[in-house]
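J.: One structure, as structure tokens, below. Some questions next.
The values are calculated or read from the model by the stated rules, or taken from the named source; none is laboratory data. Just so it is clear, the structure is predicted and the values come from calculations on it, not from any experiment. For neighbour counting, all protein chains shown are included, and Cβ atoms are generated from backbone atoms with ideal geometry for every residue, glycine included. What goes into the accessible areas is simple: the full protein's heavy atoms, side chains included, and nothing from ligands, DNA or RNA. Shrake-Rupley method; radii C 1.70, N 1.55, O 1.52, S 1.80 Å.
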Amino acid sequence: MRCVRTIVVDVDGTLIPSLVDFEGLRERIRRELGVSHELKPLGLSLSRLPLSDEEKQKAWRIVEEEELRTIALLDPEALRGNIEGLRRLAAEGFRIVIATHRSMETLKPVIEKLGLAGYITEAVTRDYSIDRVEQLRYLKARYGDIVFIGDTVYDEDASARAGVEFHRVASHSDLANVLKLLEDRCREAL
């Protein structure tokens, strides 16, 4: 297996536990906007619904409020393996890149709370594109060979469509193991 030194990591459900109640959030947005769409995946669905700019802004404000609220629930100590794994890889010269459906406004406090601010090479958020395929194509064009780690079937599908190697975690608890696997793979390639 080849060594890839740019590791792209999703946030919710991959780096950290998924603390946002997405079903409750979807229901609130449906109620507030008077729509019956399933809103899955949430961000991409919102971007594609035929809503006015005002309605879209209202929906995104609801999402932002929920994302910001959940930051208080984060326990960095419970995420020590993930944090140390990313720091170790960064210290070994790997690029650590974030690809997330969060906004930069709600990502920065997460990164700061985890103590990862100096270890992240770049972050691509929904401010750039809500479409994961676009995010990954941008990162592939920018860095060449990349590996994406995510937790959903949507992440896996986007990786395939972008032509990017993918590793799926069942939960954030698996991330440290995947990081170690990618690190070991590069050691063996030497």
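J.: Out of the residues in segment 164-190 that are in a helix (DSSP H, G or I) and of a type in the set (K, R), state the one that is nearest to the chain's Cα centre (by Cα).
T.: K180
J.: When you check A91 against the structure, is it at pLDDT 95 or above, hydrophobic (A, V, I, L, M, F, W, C) and touching a Lys or Arg at 6+ places or on another chain (Cβ under 6 Å), yes or no?
T.: No; evaluated as a whole, the condition is false for this residue.
J.: Okay, moving on. Among R102, R88, R95, which is open to solvent by 40 Å² or more (accessible area, probe 1.4 Å), touching a strand residue (DSSP E or B) at 6+ places or on another chain (Cβ under 9 Å) and in contact (Cβ under 8 Å) with a residue 60 or more places away in the chain?
T.: Going through R102, R88, R95 in turn, just one is open to solvent by 40 Å² or more (accessible area, probe 1.4 Å), touching a strand residue (DSSP E or B) at 6+ places or on another chain (Cβ under 9 Å) and in contact (Cβ under 8 Å) with a residue 60 or more places away in the chain: R95.
J.: Within segment 137-190, restricting attention to residues that are over 23 Å from A91 (Cα atoms) and in contact with a strand residue (DSSP E or B) (Cβ under 6 Å, 6 or more places away or on another chain), which residue is surrounded by the most Cβ atoms within 10 Å (Cβ to Cβ)?
T.: S159
J.: Would you check which residues across segment 49-68 are of a type in the set (A, V, I, L, M, F, W, C) and assigned to a loop (DSSP other than H, G, I, E, B) and list them?
T.: Within segment 49-68, L49, L51 meet the criteria.
J.: Residue pairs, Cβ under 7 Å, 6 or more apart or interchain, first in segment 109-125 and at pLDDT 95 or above, second charged (D, E, K, R) and not in a helix (DSSP H, G or I). List them.
T.: Here the result reads T121/R95; T125/R102, each pair linking segment 109-125 to a residue that is charged (D, E, K, R) and not in a helix (DSSP H, G or I).
J.: While we're on this one: Inspect all residues belonging to segment 69-84 and state whether any of them is crowded, with 17+ Cβ neighbours inside 10 Å, modelled with pLDDT under 95 and either assigned by the TED database to the domain that holds Q57 or in a helix (DSSP H, G or I) (or both).
T.: Yes, segment 69-84 contains at least one residue that is crowded, with 17+ Cβ neighbours inside 10 Å, modelled with pLDDT under 95 and either assigned by the TED database to the domain that holds Q57 or in a helix (DSSP H, G or I) (or both).
J.: If you take the residues of segment 1-21 that are open to solvent by less than 60 Å² (accessible area, probe 1.4 Å) and of a type in the set (D, E), which of them is modelled with the lowest pLDDT?
T.: Filtering segment 1-21 for residues that are open to solvent by less than 60 Å² (accessible area, probe 1.4 Å) and of a type in the set (D, E), the one modelled with the lowest pLDDT comes out as D12.
J.: Right, next: Out of all the residues in segment 126-154, which are without any contact (Cβ under 8 Å) to a residue 40 or more places away in the chain and small (G, A, S)?
T.: Passing the criteria: S129, A141.
J.: Also, I was wondering about something else. Of all residues in segment 22-48 being modelled with pLDDT under 90 and assigned to a loop (DSSP other than H, G, I, E, B), which is least open to solvent (accessible area, probe 1.4 Å)?
T.: Checked segment 22-48; the qualifying residue least open to solvent (accessible area, probe 1.4 Å) is P41.
J.: Here is a follow-up. State all residues of segment 32-56 that are free of Cβ contacts under 8 Å to residues at least 60 places away in the same chain, among the aliphatic types (A, V, I, L, M) and touching a His at 6+ places or on another chain (Cβ under 9 Å); if no residue qualifies, say none.
T.: Matches in segment 32-56: L42, L49.
J.: As an exercise: evaluate L89 against (1) touching an Asp or Glu at 6+ places or on another chain (Cβ under 7 Å); (2) of a type outside the set (K, R); (3) not assigned by the TED database to the domain that holds Y154 and give the number of the one condition it does not meet.
T.: Unmet for L89, out of (1) touching an Asp or Glu at 6+ places or on another chain (Cβ under 7 Å); (2) of a type outside the set (K, R); (3) not assigned by the TED database to the domain that holds Y154: (3).
J.: Oh, and also: Checking the condition touching a residue at least 12 places away in the same chain (Cβ under 8 Å) and touching a Pro at 6+ places or on another chain (Cβ under 8 Å), which residue from I71, I29, I7, I16 passes?
T.: Result: I71 is the single residue among I71, I29, I7, I16 that is touching a residue at least 12 places away in the same chain (Cβ under 8 Å) and touching a Pro at 6+ places or on another chain (Cβ under 8 Å).
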